[in-house]
Amino acid sequence: MTAMKRPRVVILGVGFGGMNAARALEGEDVEVTVIDQHNYHTFLPLLYQVATSGLNPADVAYPARGLFRRRRRVLFRQGTVTGVDWDAGLVELADEDPLPYDHLIVGVGARANYFGVPGAAEHAFPLYSMPDALKVRNYLLALFEAADARNDLIRAGVLNIVVVGGGPTGIEIAGAIAELITDVLEADFHDLNVRRARVILVEQGDSLLPMFNTDLQRYALEELRSKGVEVRLSTAVKEVGQDYVLLGEEGDYIPTRMVIWGAGNRASGLADSLGVAQGPGGRIITNPDCSIPDKPNAYAVGDVAAIPDGEGGFMPGLAQVAIQSGRHAAAQIMRTIREEPHTVLRYHDKGTMATIGRRAAVAQLTNGTLLTGYPAWAAWLGLHLVYLVGMRNRVSVTMNWAWSYFTWDRGPRLILETPRFEPPRRDGPYVPPTDVVQRHGIASD
Ligand SMILES: Cc1cc2nc3c(=O)[nH]c(=O)nc-3n(C[C@H](O)[C@H](O)[C@H](O)COP(=O)(O)OP(=O)(O)OC[C@H]3O[C@@H](n4cnc5c(N)ncnc54)[C@H](O)[C@@H]3O)c2cc1C
């Protein structure tokens, strides 16, 4: 009977925000239900290593039910949330009955932002989920298989890999692909000159890693170039096609079958259907305590939320913000139940890091310390191991990293679904399609 009266907390998303909110409520006298479209938590910062055959999917994901198996008052439900009926206090689910809540935390994260670039949503590869990472891995490896089988495809751009965005995601994946080619694929392919592959990193701004100190930006640029990555700064993507990309004002034409999109993000699509005020990138604008204005007992946390930073802006889309805001929203729910006043979220910045590859990384600590090279790389490895969920995953990732480090090899180079590559067009694979020329009056790369 008592159990029936416990307040029902529903948490949308088992990402960094939702998972930490649920954990903070584990010992409290509330019934918690966590809903996610996937039955696992994904450690997004290491997704690029799954995409480039460095790690296995199971190394960077953790079963959601396993997270709460010892907590009888935390339930998990796999389902896709389609909306919230604010008046009735119901979470709406695809193909399932709505779920009532007394307190709600929205932590459904973000997705790629294509900034309206024509063709990007249709043809570019985002990196926001495990299925995304596996798709990138399949395609990437299949490109080399296709080039090995049919050399004419190389002239048609099958080994031109374009990475869009010079932020941490872009540089991490560009560096990892460059190393995959030189350290691993070169030995794997006996008849194919894999060095004909090009990794082209495109950044609209005039530097990489805009949020980092200029010395670190310069270091990242030099490291990437030393790995053979062609870095094009001050270059915007104009259009993405099935077998090409157009760059810059002049519309430089590059034949390619793989454009990886690491430029910017926007809030998960659910945010658009909630009827709440939205800020930059469609994120839900919250009050400083993470509550959603005019929606009683509802909170938004992590990447889906635009949480005021106290200086006129919003907190950045980082794992630490999601973790801290998830815990904070949980604490506010308990304050509401105890009839205590809410508190403002004060974000504790623990510094920023990005890795470029083997023994190459940048780290900018909150005390102003700047690290590059081996110390930054070691710090990056250590920090990711600490925040990775599950001891089994930590051991497995450590083993994989150690194996790669000492053997210069990578494990899971598996193509699980072989994509079909259209043969080169008859009007010439290395010249822009006629309609593209007419539309843009472009030059060939
Ligand atoms: C490739 C990549 C690399 C990154 N690297 C770093 C890094 O090095 N350092 C750093 O600090 N940050 C990094 N980030 C950002 C960091 O991962 C995010 O800030 C963090 O994951 C946000 O946590 P979240 O809980 O808000 O969302 P997420 O972790 O994205 O979780 C959202 C959850 O909601 C679920 N969901 C979404 N929509 C629905 C729906 N309609 N119904 C049900 N469930 C739904 C998703 O399945 C997911 O499990 C990276 C992000 C990416 C994509």
**Asked** Which ones in the stretch 148-187 are on the phi > 0 side of the Ramachandran plot and either part of a helix (DSSP H, G or I) or of a type in the set (Asp, Glu) (or both)?
**Response** none
**Asked** Given the conditions (1) without any contact (Cβ under 8 Å) to a residue 60 or more places away in the chain; (2) open to solvent by less than 40 Å² (accessible area, probe 1.4 Å); (3) part of a loop (DSSP other than H, G, I, E, B), which single one is not true for His190?
**Response** (2)
**Message:** Take the conditions at positive phi and either in contact with a Pro (Cβ under 8 Å, 6 or more places away or on another chain) or among the basic types (Lys, Arg) (or both) and apply them to Arg327. Does it pass?
**Reply:** no
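Condition test on Asp272, is it within 15 Å of the ligand (Cβ to nearest atom), over 23 Å from Tyr139 (Cα atoms) and either open to solvent by 30 Å² or more (accessible area, probe 1.4 Å) or basic (Lys, Arg) (or both)? Please lay out each step first, then the result.
Values: within 15 Å of the ligand (Cβ to nearest atom): yes; over 23 Å from Tyr139 (Cα atoms): yes; either open to solvent by 30 Å² or more (accessible area, probe 1.4 Å) or basic (Lys, Arg) (or both): yes.
Criteria met by Asp272.
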**Request:** Would you mention how many residues in the stretch 326-357 are of a type in the set (Lys, Arg) and more than 12 Å from the ligand (Cβ to nearest atom)?
**Result:** 3
**Message:** If I filter the stretch 107-136 down to residues being assigned to a loop (DSSP other than H, G, I, E, B) and farther than 13 Å from Ala263 by Cβ, which single residue comes out as farthest from the ligand (Cβ to nearest atom)?
**Reply:** Pro118
**Prompt:** Would you call Arg394 more than 20 Å from Thr214 (Cα to Cα), open to solvent by less than 70 Å² (accessible area, probe 1.4 Å) and in contact (Cβ under 8 Å) with a residue 24 or more places away in the chain?
**Reply:** no
**Message:** With the structure loaded, tell me whether Arg218 is farther than 16 Å from Val117 by Cβ, of a type in the set (D, E, K, R) and open to solvent by 60 Å² or more (accessible area, probe 1.4 Å) or whether it fails that test.
**Reply:** yes
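Output yes when any residue across the stretch 224-232 is within 16 Å of the ligand (Cβ to nearest atom), over 23 Å from Leu414 (Cβ atoms) and open to solvent by less than 20 Å² (accessible area, probe 1.4 Å), and no when none is. Steps first, please.
As a first pass, look at the stretch 224-232 and keep what is within 16 Å of the ligand (Cβ to nearest atom): none.
No, that holds for no residue.
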**Request:** Would you mind telling me which numbered condition in (1) more than 14 Å from the ligand (Cβ to nearest atom); (2) under 30 Å from His384 (Cβ atoms); (3) in contact with a helix residue (DSSP H, G or I) (Cβ under 8 Å, 6 or more places away or on another chain) Val184 fails?
**Result:** (3)
**Request:** Output the residue which, of all residues in the stretch 30-40 that are under 30 Å from Lys5 (Cβ atoms), assigned to a strand (DSSP E or B) and within 10 Å of the ligand (Cβ to nearest atom), is nearest to the chain's Cα centre (by Cα).
**Result:** Asp36
**Request:** Residue by residue through the stretch 295-320, note down the ones that are within 9 Å of the ligand (Cβ to nearest atom), free of Cβ contacts under 8 Å to residues at least 60 places away in the same chain and part of a loop (DSSP other than H, G, I, E, B).
**Result:** Leu318
**Message:** Any residue at all in the stretch 17-29 that's open to solvent by 50 Å² or more (accessible area, probe 1.4 Å), in a helix (DSSP H, G or I) and either modelled with pLDDT under 95 or within 8 Å of the ligand (Cβ to nearest atom) (or both)?
**Reply:** no
**Asked** Picking from Pro100, Pro57, Pro118, which residue would you name as being open to solvent by 20 Å² or more (accessible area, probe 1.4 Å), over 21 Å from Gly302 (Cβ atoms) and in contact with a Lys or Arg (Cβ under 7 Å, 6 or more places away or on another chain)?
**Response** Pro100
**Asked** What's the number of the condition Ile323 fails, among (1) away from the ligand (no atom under 16 Å from the Cβ); (2) surrounded by 19 or more Cβ atoms within 10 Å (Cβ to Cβ)?
**Response** (1)
**Item:** the stretch 340-363, residues that are closer than 30 Å to Thr407 by Cα and open to solvent by less than 60 Å² (accessible area, probe 1.4 Å)
**Value:** Thr352, Met353, Ala354, Thr355, Ile356, Gly357, Arg358, Ala360, Ala361, Val362, Ala363
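The values are calculated or read from the model by the stated rules, or taken from the named source; none is laboratory data. Just so we're clear, the structure is a prediction, and the values are computed from it rather than from any experiment. Neighbour counts run over all protein chains shown; Cβ positions are idealised from the backbone, glycine included. Remember, those area values only see protein heavy atoms, side chains included, never the ligands or the DNA or RNA. Shrake-Rupley method; radii C 1.70, N 1.55, O 1.52, S 1.80 Å.
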